[in-house]
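Report on the structure given below.
The values are calculated or read from the model by the stated rules, or taken from the named source; none is laboratory data. Every value quoted in this text rests on a predicted model; they were computed, and no experiment measured them. Heads up, the Cβs are rebuilt from the backbone with ideal geometry, glycines too, and the neighbour counts pull from every protein chain shown.
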Amino acid sequence: MKKVILYGLIGIMVIAQVSCVEAAGKDKVGATTALFLSIAQGARPAGMGGAFVACVDDVNACWWNPAALIRIKSREILYVNTRWIEDVDGNFVAYAQPTTAYEEKKRVIAGSVILSNVSGIDGYDGLGKPMGSLKAESRAIVFSTALGLTPATSIGASLKAISQDLGGSKGEAMAFDFGWLFSPRENLSFGMNLQNIGPKIKIENASNDLPLNLKLGFCFKPTMLGDNVKAAIDVDVPRDNGVGVHGGVEYWASNVMCVRVGYERASENRSGYSVGMGFRGSGEGILKAINTQIDYAMLSYTDFDPTHRVSMVTRF
């Protein structure tokens, strides 16, 4: 009975948030701040067109769906470098570790840092006089955790400490994410992540909302192809834009190499295809238990130059 009540509350929350976020997004295009929080992290999910909420099974879950951290089987460290549109440079570092929780249920804890900077911005004072080139720096320190409720269901949350320095004007805020993962079968998963729930950030005399976003995802593994193929579809419902759609496929051609393709329509002026690849291997001797995976992705958007991501995951 308790499980039924819990699932019912989660369902009501999802329906309510979809309605509120979608309605707000139509009226708040470009009205949010801390937009670096909206830049998807990880080369592996980028290669799949950003369709990753339900199929994530590694430390990338820190950004994509904290509930999916429950799938991690060993300690993992992730580093991501992103060359984004409009000269935005970003880095993402994350660490995750499985533990045991109350009643011997599995629990995973994780920590991550999101860094973003933009240089070469033309600055002006209150009278419109040029102030030279300015630099914008943003940072979020994140603590995440996931708990397995049943063999098929897990929930997760992330707490974020956000700070921004826009050419000397600073602001800070706290926010959190709430994630949910449901896998009724080994080859089928559904996921949800409500990101950046929190108050406005005030910088000098201006206060703006955080980029609240609801991510819903579906992942399927065709049984006739074994465990080597994943196909996924995600839908984004952001506070500050229209609904986005993502789709992608990952295929491991062997134990050491994979290819990925995807497509996304993230907004009216940002859509396009993505391609990616990954390589993994283990060390020798005393390093045999250490597994390293390197991923690369390129996204080609219709109205922007291609963007690139490189990431490395180490498991031990």
For region 276-304, how many residues meet the condition of being surrounded by 14 or more Cβ atoms within 10 Å (Cβ to Cβ) and not in a strand (DSSP E or B)? 2
Being surrounded by fewer than 24 Cβ atoms within 10 Å (Cβ to Cβ), within 16 Å of the chain's Cα centre (by Cα) and touching a residue at least 40 places away in the same chain (Cβ under 8 Å) is the filter here, so list the residues in region 245-262 that pass it. Gly247
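From Asp27, Asp57, grab the single residue that is at pLDDT 95 or above and either part of a loop (DSSP other than H, G, I, E, B) or β-branched (Val, Ile, Thr) (or both).
So the residue among Asp27, Asp57 that is at pLDDT 95 or above and either part of a loop (DSSP other than H, G, I, E, B) or β-branched (Val, Ile, Thr) (or both) is Asp57.
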Sort through Asp295, Asp303 and tell me the only one that's under 21 Å from Ile39 (Cβ atoms) and within 18 Å of the chain's Cα centre (by Cα). Asp295
Step by step: first the residues of region 201-237, then only those that are surrounded by fewer than 17 Cβ atoms within 10 Å (Cβ to Cβ), part of a loop (DSSP other than H, G, I, E, B) and at negative phi, then the one that is modelled with the lowest pLDDT. Which residue is that? Asp227
Please determine whether any residue of region 215-235 is more than 23 Å from Glu186 (Cα to Cα) and in contact (Cβ under 8 Å) with a residue 12 or more places away in the chain. no
Please work out if Ser311 is among the polar types (S, T, N, Q), touching an Asp or Glu at 6+ places or on another chain (Cβ under 7 Å) and closer than 25 Å to Thr32 by Cα. no
Scanning region 265-297 for residues that are in contact (Cβ under 8 Å) with a residue 24 or more places away in the chain and of a type in the set (D, E, K, R), which turns out farthest from Ser112 (Cα to Cα)? Glu268
Pro184 passes all but one of (1) assigned to a strand (DSSP E or B); (2) without any contact (Cβ under 8 Å) to a residue 24 or more places away in the chain; (3) over 14 Å from the mean Cα position of the chain (by Cα); which number fails? (2)
So which pairs qualify, if the first residue must be in region 46-59 and farther than 12 Å from Val235 by Cβ and in contact (Cβ under 8 Å) with a residue 24 or more places away in the chain, the second must be crowded, with 24+ Cβ neighbours inside 10 Å and basic (Lys, Arg), the Cβ gap must be under 7 Å, and the two must be at least 6 apart or on different chains? Ala46/Arg309; Gly47/Arg260; Met48/Arg260; Cys55/Lys230
Between residues in region 298-309 that are under 10 Å from Thr82 (Cβ atoms) and residues that are surrounded by 17 or more Cβ atoms within 10 Å (Cβ to Cβ) and at pLDDT below 85, which pairs lie under 7 Å by C-beta distance while being six or more apart or on different chains? Thr307/Trp84
Before we move on, is Leu166 under 21 Å from Trp64 (Cβ atoms) and in contact (Cβ under 8 Å) with a residue 12 or more places away in the chain? no
By residue number, the members of region 74-88 that are more than 20 Å from Asn291 (Cβ to Cβ), at pLDDT 80 or above and buried (at least 16 other Cβ atoms within 10 Å of the Cβ) are Thr82
